[in-house]
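What follows is a set of notes on a single structure, which appears directly below.
Coordinate-derived values only; no laboratory data. This is a predicted model, so every value here is computed, not measured. Cβ placement follows ideal geometry from the backbone for every residue including glycine, while neighbour counts extend to all protein chains displayed.
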Amino acid sequence: DAGVTQSPTHLIKTRGQQVTLRCSPKSGHDTVSWYQQALGQGPQFIFQYYEEEERQRGNFPDRFSGHQFPNYSSELNVNALLLGDSALYLCASSPGLAVNEQFFGPGTRLTVL
Amino acid sequence: RKEVEQDPGPFNVPEGATVAFNCTYSNSASQSFFWYRQDCRKEPKLLMSVYSSGNEDGRFTAQLNRASQYISLLIRDSKLSDSATYLCVVPSGAGSYQLTFGKGTKLSVIP
């Protein structure tokens, strides 16, 4: 049973560029949440997708957008990258909106130069 | 008060020691709480859930004090493999469907 998978593993971009990160949820899970973890900090909630709609959003600018596909996989898009966007981006999946069953993927490490 | 606040650490303890981490939270309406473990450059993994006054799982005990709005995690008989960052997590947002993480406390267990 595959867990949560994310791609790519690592990514290097320059300021002003755009990036797309991908996440496939654990089998049986239909909800995907995205988190940003800066070095030395805890993960910060970006947004959550359920039934192909953004259900909740954290305190992140509109440069951060997402999408969920019918197969429950999800994408995180970040436009006009800033140096401060360098972080580990984590995807977590769960069955429905159950926070007590959120499983995290290995993350995508984004470096913005 | 920050939403979730933890001891900054790091905690350096010898093998076999008992160590405790504290966490305070601001939302008095929170009903459930979690401790996650995160190894260096890895994803967070759920260690324990706390729904009532506490929870025990082997060497790990989590306690909840609703009146003071803090949660603690006690690790007895520390092992080298316990070295990690421990994250205190509280559901938040509308419907409490999102997780708010503390900054984490780094534990190093020394031989």
| note | Dividing the mean separation of Cα pairs under 8 Å (6+ apart) by the residue count of region B:1-83 yields a relative contact order in percent of 32 percent
| query | Taking Cα pairs under 8 Å and at least six residues apart, what relative contact order does chain A come out at, in percent? | reply | 37 percent
| Straight-line reach from B:K45: which lysines have Cα under 17 Å away, leaving out those fewer than 8 places along the same chain? | A:K26, B:K103, B:K106
| For the protein assembly as shown, with +1 on Lys and Arg beta carbons and -1 on Asp and Glu, the positive-most of B:S83, A:N77, A:T20 along the dipole | B:S83
| remark: Applying a 4.7 angstrom Cβ cut-off across the protein assembly as shown, unpaired cysteine residues come out as B:C40
| message | Quick check on my link table: of A:K13/B:K42; B:K2/B:K42; A:K13/B:K79, which ones sit more than 30 Å apart, alpha carbon to alpha carbon? | response | A:K13/B:K79
| query | Within 10 Å of each Cβ of B:103-110, how many other protein chain Cβ atoms are there on average? | reply | 1
| P(r) for region B:1-72: what percent of alpha-carbon pairs falls in each 5 Å bin, starting at zero? | 3, 13, 24, 26, 21, 10, 3, 0
| query | Which three lengths, in whole Å and largest first, does region A:10-97 cover when its Cα atoms are put on their principal axes? | reply | 36, 25, 24
| Electrostatic dipole magnitude of the protein assembly as shown [Cβ: Lys, Arg +1; Asp, Glu -1; Cα centre; debye, to 20] | 580 debye
